[in-house]
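The values are calculated or read from the model by the stated rules, or taken from the named source; none is laboratory data. Model, not experiment: these values are computed from the prediction. Please note: Cβ atoms are built from the backbone with ideal geometry, for glycine as well, and neighbour counts cover all protein chains shown.
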Ligand SMILES: C[S@@+](CC[C@H](N)C(=O)[O-])C[C@H]1O[C@@H](n2cnc3c(N)ncnc32)[C@H](O)[C@@H]1O
Ligand SMILES: [Zn+2]
């Protein structure tokens, strides 16, 4: 059982009611405010669970992100036989509730810095009997996430899953979260920093994730890779390594979510932690290792002069998902009747797309059909026809869960252009 009391750290007004350092006035205070994407309806239902939102920060659009977290937690509980969750930024407490009811968590600590949310959180958690002593199922606290994580670490109170559903960037909480996680535990991270992933604030991404990110066509995938890369760096410092179980981009926000498994031992030579280049001239993306830093260029130029390229990094360049883990999540979703679009979530479609993206022959990034068509100076052929032809020509190809009109493929851009032109009946160039 975990009791959060400010015994080891000096209580300070900052920790009790921290101010969001984001200069954006929308997020300056923790006091509930009504934004256009806020739902201020009192009663909500998610996967059959009724709850109140009061005036807490709640977004219906995040339901799919919650579904994914619950499926991962439930599979973890089934395989390990235990599940203690720290929901570090719980809002109205719906995740905590779902971790208890659906993932059958043994214990959930629901924390939110805003103590004005307490009544709503307690009201929602009341559905689950609280229990006493070692059988206690849940507790509620109102501290800065770093404080609650650090206190748990100091009390050697470790968790199997830590969920940090923050605004902006999670990187401030990475170290304390990793220290408070059990080995092999799951860390569910969020970033809503679309400016950084879009390459519009390279010094912010550098400060938050240690990555200098520049504008690239697949910037939303870069956002996921930036978040994982930040965790890789922090884990490595602590002697751990991380494995992404799934990575999810949602345009509402935008929101970047990654579920990472944290294990002891450094990743050998940081195999999947490097640089990604984009050549404006030919449209190809490529990854470069640290050893290749001085040789980053694209050899597309016909006169053998290397074309200048845009480079971002260091970032995670490895797989975004674990196919085995996604398959287990799909099986659970099927057992629970979560397939189809009954709850308006289309969860199985998303999971299947993630599974397709997990093909190890596929490189990072994706090719937007519009970019390809504009480079080819043709109308884009239908996406399905393009995919079938690429497969027939022996390339690996899948759709991307990130961009609906894009393909992931190991076929270079110039070849894609040739194929698209042929499909359109345009002469070879
Ligand atoms: C995106 S909302 C959480 C939504 C909730 N997880 C859900 O799924 O509905 C972020 C929450 O974090 C809280 N918060 C912001 N900064 C925090 C901090 N440093 N420590 C703890 N809570 C914080 C806010 O009060 C807000 O309720
Ligand atoms: Zn090039």
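Screening the candidates 125, 172 for the property of being at negative phi and either in contact with a helix residue (DSSP H, G or I) (Cβ under 6 Å, 6 or more places away or on another chain) or surrounded by 18 or more Cβ atoms within 10 Å (Cβ to Cβ) (or both) yields one hit, 125.
Looking at segment 412-426, can you tell me whether even one residue there is touching a residue at least 12 places away in the same chain (Cβ under 8 Å) and either under 21 Å from the mean Cα position of the chain (by Cα) or within 28 Å of residue 256 (Cα to Cα) (or both)? Yes, segment 412-426 contains at least one residue that is touching a residue at least 12 places away in the same chain (Cβ under 8 Å) and either under 21 Å from the mean Cα position of the chain (by Cα) or within 28 Å of residue 256 (Cα to Cα) (or both).
Here's the yes/no breakdown for (1) within 12 Å of ligand 1 (Cβ to nearest atom); (2) closer than 29 Å to residue 240 by Cα; (3) within 20 Å of the chain's Cα centre (by Cα):
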{"site": "120", "(1), (2), (3)": "yes, no, no"}
{"site": "156", "(1), (2), (3)": "no, yes, no"}
{"site": "162", "(1), (2), (3)": "no, yes, yes"}
{"site": "172", "(1), (2), (3)": "yes, yes, yes"}
{"site": "197", "(1), (2), (3)": "no, yes, yes"}
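The residues of segment 256-272 that are away from ligand 1 (no atom under 16 Å from the Cβ) and either surrounded by fewer than 18 Cβ atoms within 10 Å (Cβ to Cβ) or modelled with pLDDT of 95 or more (or both), listed by number, are 260, 261, 262, 263, 264, 265, 266, 267, 268, 269, 271. The requirement of being under 19 Å from residue 128 (Cα atoms), assigned to a helix (DSSP H, G or I), more than 16 Å from ligand 2 (Cβ to nearest atom) and modelled with pLDDT of 95 or more is fulfilled somewhere in segment 74-91, by at least one residue.
Residue 408 - would you say it is over 28 Å from residue 318 (Cβ atoms) and either under 29 Å from the mean Cα position of the chain (by Cα) or part of a strand (DSSP E or B) (or both)? Spelling it out, it is not the case that residue 408 is over 28 Å from residue 318 (Cβ atoms) and either under 29 Å from the mean Cα position of the chain (by Cα) or part of a strand (DSSP E or B) (or both).
Of the candidates 147, 137, the single residue that is more than 16 Å from ligand 2 (Cβ to nearest atom), in contact (Cβ under 8 Å) with a residue 60 or more places away in the chain and over 27 Å from residue 351 (Cβ atoms) is 147. So if I check each of 196, 191, which one is buried (at least 23 other Cβ atoms within 10 Å of the Cβ), more than 27 Å from residue 94 (Cβ to Cβ) and either modelled with pLDDT under 95 or more than 16 Å from ligand 2 (Cβ to nearest atom) (or both)? Selected residue: 196, the only one of 196, 191 that is buried (at least 23 other Cβ atoms within 10 Å of the Cβ), more than 27 Å from residue 94 (Cβ to Cβ) and either modelled with pLDDT under 95 or more than 16 Å from ligand 2 (Cβ to nearest atom) (or both).
Scanning segment 373-405 for residues that are in a helix (DSSP H, G or I) and touching a residue at least 60 places away in the same chain (Cβ under 8 Å) yields one hit, 375.
Would you confirm whether any residue within segment 187-195 is under 12 Å from the mean Cα position of the chain (by Cα) and outside any strand (DSSP E or B)? Within segment 187-195 (the criterion being under 12 Å from the mean Cα position of the chain (by Cα) and outside any strand (DSSP E or B)), the answer is yes, since at least one residue qualifies. In the set (1) within 13 Å of ligand 1 (Cβ to nearest atom); (2) closer than 26 Å to residue 77 by Cα; (3) touching a strand residue (DSSP E or B) at 6+ places or on another chain (Cβ under 7 Å), the condition left unmet by residue 176 is number (3).
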